[in-house]
Amino acid sequence: MKKSLVFLILLEMLPAGSLFAQSHVRELEELTVMAPRSMKEIGTQKTTFDSLALKENVALSMADVLTYNSSVFVKNYGRATLSTVAFRGTSPSHTQVTWNGMRINSPMLGMTDFSTIPSFFVDQASLLHGISSINETGGGLGGLVKLNTIPDAPDGFGLQYIQGIGSFSTFDEFLRFTFHNEHFTSSTRVFYASSPNDYSYINHDKKVNIYDEEHNIIGQYYPKEKNRSGAYKDFHALQEFYYNTLKGDRFGLNIWYVGSNRELPMLTTDYGEESDFENRQRENSLRALLSWTHYKSQWNLSLKAGYIHTWLAYDYRRELRPDFWADMTHTRSKTNTLFGLAEANYFIGNKWSFNASLSAHQQFVYSKDNNAILQVGNQAIVGYDKARLELSGSLSAKWQPLEAVGLGIVLREDIYGNKSAPLVPAFFADWQTLNTEIHDMPLNLMAKGSVGKNYRFPTLNDLYFLPGGNADLKSEEGFNYDLGVSANLLKPEKFSLSLSANWFDSKIDNWIIWLPTTKGFFSPKNVKRVHAYGVELKLGAGMKFHKDWLLDFDGSFSWTPSINQGEKMSPADQSIGKQLPYVPRYSSSFTARLSWKSWSFLYKWCYYSRRFTMSSNDYTITGHLPKYFMNNISVEKNLYFSLIDLQLKLAVNNLFNEDYLSVLSRPMPGINFEFFVGITPKFLNKMRRGKEVKE
């Protein structure tokens, strides 16, 4: 099947000098490209983010990108605090995350903190919903977040610097240096962010009495307080080298370092003084990946080897008397992961595509808490020291018997330690039901479907955490199916329109949940059966009003009931038949960008419906969080000079000063501002070209 891809509209709709630009803007002529549909994506439900969303401004993390550009639920505690992503009513640990093909989920918790991933460190990002994730990896009962960096840089030397200054004494700095020729590419990125993060908010969990002269209470009000103990300092450095032989081989080396020092904000119910407590998390992480890819006309082979080291420290201390501190929590963990991947693709004409892959993650985890001691005989145990090998292999075949029909099957086998998941096939299909023209405008209508089963093994904390780990846990099993339809309408140089609607249904057995025990601590059990189903809608459009006026917008909507259908844990259990805690039934996002010459205006909006904090779905003060709408805007201006380009941007977050919570007792900031200055020198390449001419 062939599609007509008209890039003129898409390229012209990019603001002329977007903040991520690394060279001056050129006028683009109309270009029509005929390209075959990717057979790997037959029947898959996928959301792809464009570079404008990823490089909107340097202060954004991937949590922010996902919030305003998808309908997945992003649960966050404020900037530079834990931000997790949940697909389709599942939990954050049911979302797999890969970086250049290497899984970066925590082997202890199974989840990923998206606040620690700067969006400027990602060049390509996409979501694979539900069973579609099995094309890449196992364990994604909700889906997969796929992040990549690519060897893409302008010829010669490139330099870019961005300085951001925001409310609450927030500073963000980004520097990138690149070099590229026909064989070699080097990219160096450095990012640093810091802030006391002491924004003001109205504390609705406290009331202050108003007294008359006789000390009678005559009124009450909610006090205005500041976010306490929320300061952070985050440093990231990413170095990449790529070498292309131009004979079908490409080598790559990616090294990403993270150094983070964050305080954890106090709750709205805390009455103590900030100076009496220390609640701090520190992290040092190193991710390294070596890759080789060999391309041929009908087949390709890819080999990757990687290493991840993470050191985490969490301290919660209280000052009992001057200069005398008591440690209530003193946690240290070290994680070392060895990674290997071999993948091969083989094509037979335009009809068949075969894929085989085998990946390995060897985990070594040491975790301890000196304040949580378990006495076993004469031995005091303060944590666990475990190793586990995780293997995942897959075979897939994709077939196009007709130009308008695609069929696929994927077999995946996962092995964790000495346990394995049953080998169950997943099936994919799509059908181009309509391919015509309406008034010289190409119109495509595509139907998609998939069905399959996926498994997720317990994390190391689930199995071995002390106290409470349960070594007898079963793996979670998810049965998923998807049915969807998408349509695309295009009029060159005028507008483009894309629509999609998808129904999904997922039933997950042996859901793992941590429950309190009679011994005073929590322990995980396989107690639930969860039925998550719903609808996902997406809309995208772009219009050219005049030679210099461009408008594009994207929207998404999700309806996601996620119902506990397990058995009662006790006669008082009221969770059966209720929505899972912290899962909104409705979520939506919308972005619109209007560009005129070197000016650009961006509007972002997101919505989350009411979330329950208790499994009983009680409508008490602490039993639910009210719905909220969030509105952000930004204005950008680009200036071009002979030796340098400047990008100026003003962003306003929480435009209408919404008073809202994402997590119970964790207040979010009101209206706040950020100003960015981007500097892109052009004299480096001019000096290089001058030297070449002189030689």
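Taking each residue as 0.36 nm, the span from Ser126 to Ile409 lengthens on full extension beyond its C-alpha to C-alpha distance by 99.7 nm.
Kindly provide the helix-only [θ] at 222 nm of the chain, computed as the sum of -39,500 (n - 2.57) over DSSP H runs of four or more divided by all residues, to the nearest 500 deg cm²/dmol?
-1500 deg cm²/dmol
When the P(r) is computed for the stretch 467-517, the part past 15 Å accounts for 69% of the Cα-Cα pairs. Matching the structure-derived percent of Cα pairs over 34 Å apart against the labelled list (i) 40; (ii) 50; (iii) 55 gives the label (ii). Extending 7 Å from Cα along the Cβ direction at Tyr314 and again at Ser275 yields two label points whose distance is 2.8 nm.
Which FRET efficiency value, to the nearest 0.05, do you get for Ala447 and Ala541 by plugging their Cβ-Cβ distance into 1/(1 + (r/R0)^6) with R0 = 30 Å? Rounded to the nearest 0.05, the efficiency is 0.90. Of Trp299, Trp431, Trp605, the residue with the largest accessible area leads and the full order is Trp431, Trp299, Trp605 (1.4 Å probe). Pairs over the 27 Å Cα-Cα cut-off, from the set Lys146/Lys525; Lys398/Lys525; Lys55/Lys682; Lys207/Lys519; Lys206/Lys627: Lys146/Lys525; Lys398/Lys525; Lys207/Lys519. Taking all protein chains as they are arranged and a probe of 1.4 Å, the heavy atoms of Thr268 leave approximately 0 Å² accessible to solvent. Projected label points at Trp352 and Leu267, each 7 Å from Cα along the beta carbon direction, are separated by 6.1 nanometres. Of the residues Phe553, Val405, Val424, the one whose Cα sits farthest towards the positive end of the charge dipole of the stretch 404-553 is Val424 (charges of +1 on Lys and Arg Cβ, -1 on Asp and Glu Cβ, taken about the Cα centre). Note on Tyr201: accessible area is roughly 20 Å² with a 1.4 Å probe, heavy atoms of protein only. Over the stretch 547-695, the hull volume per residue, using the convex hull of the C-alpha atoms, is 188 Å³. What a 1.4 Å probe finds exposed on the stretch 72-148 is 53% carbon and sulfur by accessible area, rounded to a whole percent.
Computed extension length for Ile165-Phe235: 23.6 nm, one decimal, from 0.36 nm per residue of separation with the Cα-Cα distance subtracted. Of the residues Tyr243, Tyr316, Tyr271, Tyr384, ranked by 1.4 Å probe accessible area with the largest first, the sequence reads Tyr271, Tyr243, Tyr316, Tyr384.
Projecting label points 7 angstrom from Cα along Cα→Cβ for Leu499 and Leu389 puts them 5.3 nm apart. Averaged over its residues, the chain has an accessible area of 47 Å² per residue, based on protein heavy atoms and a 1.4 Å probe.
Reported to the nearest whole Å, the Cα centre-to-centre distance from the stretch 108-142 to the stretch 429-475 is 12. Using Cβ point charges alone (K and R +1, D and E -1), the dipole size of the stretch 495-639 about the Cα centre works out to roughly 160 debye.
FRET efficiency for the pair Thr433 and His215, taken as 1/(1 + (r/R0)^6) with r the Cβ-Cβ distance and R0 = 56 Å, rounds to 0.15.
About its Cα centre, what dipole magnitude does the stretch 64-205 give when the only charges are +1 on Lys and Arg Cβ and -1 on Asp and Glu Cβ, stated in debye to the nearest 20? Write out the running numbers ahead of the final one.
Values: 7 positive and 11 negative charges, 78 e Å.
Charge dipole, the stretch 64-205, about its Cα centre: 380 debye, nearest 20.
How large is the Rg to Rh ratio of the stretch 202-255 when both quantities use alpha carbon positions and Rh follows Kirkwood?
1.70
Could you check how much of the accessible area of the stretch 569-695 is carbon and sulfur, as a whole percent, using a 1.4 Å probe? Heavy-atom surface of the stretch 569-695 belonging to carbon and sulfur, 1.4 Å probe: 65 percent.
Applied to the stretch 565-579, the Karplus parametrisation 6.51 cos²θ - 1.76 cosθ + 1.60 on θ = phi - 60° returns per-residue 3J(HN,Hα) values of 10, x, 8, 5, 7, 7, x, 8, 5, 10, 8, 5, x, 10, 5 Hz, with x for Gly and Pro.
Apply the Kirkwood formula to the stretch 186-296: the hydrodynamic radius equals the inverse of the mean of 1/r over all pairs of different alpha-carbon atoms; give it in Å with one decimal. Across the stretch 186-296, the inverse of the average 1/r is 18.7 Å. Between the listed residues Pro492, Pro524, Asn502, the Cα displaced farthest toward the positive end of the dipole of the stretch 487-548, a dipole computed from Cβ unit charges relative to the Cα centre, is found at Pro524. Along the charge dipole of the chain, Cβ charges K/R +1 and D/E -1, which of Asn135, Trp599, Val58 sits furthest on the positive end? Of the candidates, Asn135 comes out farthest on the positive side. Once C-alpha pairs closer than 8 Å and six or more residues apart are averaged by separation and normalised to the residue number of the chain, the relative contact order reads 12 percent.
Dipole magnitude for the chain: about 1260 debye, using +1 per Lys or Arg Cβ and -1 per Asp or Glu Cβ, origin at the Cα centre. Residue by residue, the stretch 401-411 carries 3J(HN,Hα) couplings of x, 10, 4, 9, 10, x, 10, x, 9, 10, 10 Hz when phi is fed to the Karplus relation 6.51 cos²θ - 1.76 cosθ + 1.60 (θ = phi - 60°); x denotes Gly or Pro.
The values are calculated or read from the model by the stated rules, or taken from the named source; none is laboratory data. Here the structure is a predicted model, which means the values were calculated and not measured. Every residue, glycine as well, gets a Cβ built from its backbone with ideal geometry; the counts of neighbours run over all protein chains shown. Please note that ligands, DNA and RNA were not included when accessible areas were found on the heavy atoms of the full protein model with its side chains. Shrake-Rupley method; radii C 1.70, N 1.55, O 1.52, S 1.80 Å.
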